[in-house]
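First the structure, in the form of structure tokens, and then the observations on it.
The values are calculated or read from the model by the stated rules, or taken from the named source; none is laboratory data. All of these numbers come straight from a predicted model, not from anything done at the bench. No Cβ is skipped: glycine too gets one built from the backbone with ideal geometry, and neighbour counts run over all protein chains shown.
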């Protein structure tokens, strides 16, 4: 029987993952990761040593005052690490009679927040959920698993571990609408052998059906949609709150690609490449953000055609295969909810740390700061972080 550390968020996916793992005979340890900005108050731990056995001498998530009864929902955004989420996760663990612990990662999570803020101030579009997966969920959680002699780490992600030729490979989830393999490309190749993704072989409606059939109160709980630490307002407000010395320092002109000035903005961190709405100017015809210039502080607008690019440059790579064995033809996905596109990969240098993507057809709104994930059919081969769209 294998010991499995399971990240439990209080949502339906990780809750059903707990059920599937226990039904398969695994020794499951549920872990709630406290790492949101609101966690200091929303996820406060109350000690309850009498009612929570702690044979591994780990921090125990005790009763959540005012939030443990089913049906009582505090008014939180649907992010992660609310008191409701913690109570839901604990309740599910109790119903399955599995140990449940809280792992305090607030110090580690500040790295995610700093990355998010710094990328926006560098005129990039960050993806904190992808970073969180390989820095924390499949980073620190593995450290925790090692500390309790666990064989595997599991989550409720919609992706699959597939064994081919004796090797474990990361593949897309069965449910194409919920697939989350894009967000997992940065996991260390050496950790694939210890990953478990129980819900990846199911479609979302089936997961909800399983949850309802075993009486889980979270069967109809909405999926998390928010960046967990941006609990209110626009992301640019959060950036300014973390870097108050930058307020006003990123303001500048809104210009057309011809150089014509058409307006002013209060900070380029409020914009992303490809953005059409909320530009602050009325031009009569659709215009998009085609470029953000941190040096000049200009936000450049243009047509849909001007958003197209035949390729991209990426660095900070992570490969789940030997890069020397990269197929000649691959597919590359460059945004979380996007589709993969036919392409070929060209490496720069011999260390495989930088690569260029040459798409078969030009693609729109390639955003610096987003991940470029490389696929061979359903298999994730790895990827990197977009530096810029390229002309060739």
Matching residues in the range 159-174 (more than 14 Å from residue 320 (Cβ to Cβ) and buried (at least 19 other Cβ atoms within 10 Å of the Cβ)) number 1
Residue 241: passes all of (1) surrounded by 15 or more Cβ atoms within 10 Å (Cβ to Cβ); (2) more than 20 Å from the chain's Cα centre (by Cα) but (1)
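Hey, among the residues in the range 170-195 that are without any contact (Cβ under 8 Å) to a residue 24 or more places away in the chain and either more than 16 Å from the chain's Cα centre (by Cα) or in the same structural domain as residue 340 (by TED's automatic domain parsing) (or both), which one's farthest from residue 137 (Cα to Cα)? Steps first, please.
Our first condition is that a residue be without any contact (Cβ under 8 Å) to a residue 24 or more places away in the chain; within the range 170-195, this holds for 176, 179-180, 190.
Next, from what is left, pick out any that are either more than 16 Å from the chain's Cα centre (by Cα) or in the same structural domain as residue 340 (by TED's automatic domain parsing) (or both): 176, 190.
Working: 176: 22, 190: 15 Å.
Looking at residues that are without any contact (Cβ under 8 Å) to a residue 24 or more places away in the chain and either more than 16 Å from the chain's Cα centre (by Cα) or in the same structural domain as residue 340 (by TED's automatic domain parsing) (or both), I get 176.
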Suppose the filter is in contact (Cβ under 8 Å) with a residue 40 or more places away in the chain, within 30 Å of residue 271 (Cβ to Cβ) and surrounded by 21 or more Cβ atoms within 10 Å (Cβ to Cβ); does residue 109 pass it? yes
Of the listed residues (25, 30), the one being at pLDDT 95 or above and in a loop (DSSP other than H, G, I, E, B) is 25
**Message:** Quick check on residue 328: is it over 17 Å from the mean Cα position of the chain (by Cα), outside any loop (DSSP other than H, G, I, E, B) and not assigned by TED's automatic domain parsing to the domain that holds residue 200?
**Reply:** no
Counting only residues in the range 204-219 that are in a helix (DSSP H, G or I) and within 24 Å of the chain's Cα centre (by Cα), the one surrounded by the fewest Cβ atoms within 10 Å (Cβ to Cβ) is identified as 205
Filter the range 365-374 for residues that are touching a helix residue (DSSP H, G or I) at 6+ places or on another chain (Cβ under 8 Å) and either assigned by TED's automatic domain parsing to the domain that holds residue 162 or part of a strand (DSSP E or B) (or both); the one that is surrounded by the most Cβ atoms within 10 Å (Cβ to Cβ) is 373
Listed by first then second residue, the pairs whose first member lies in the range 6-24 and is surrounded by fewer than 22 Cβ atoms within 10 Å (Cβ to Cβ), whose partner is assigned to a helix (DSSP H, G or I) and modelled with pLDDT under 95, with beta carbons under 7 Å and at least 6 positions apart or on separate chains, are none
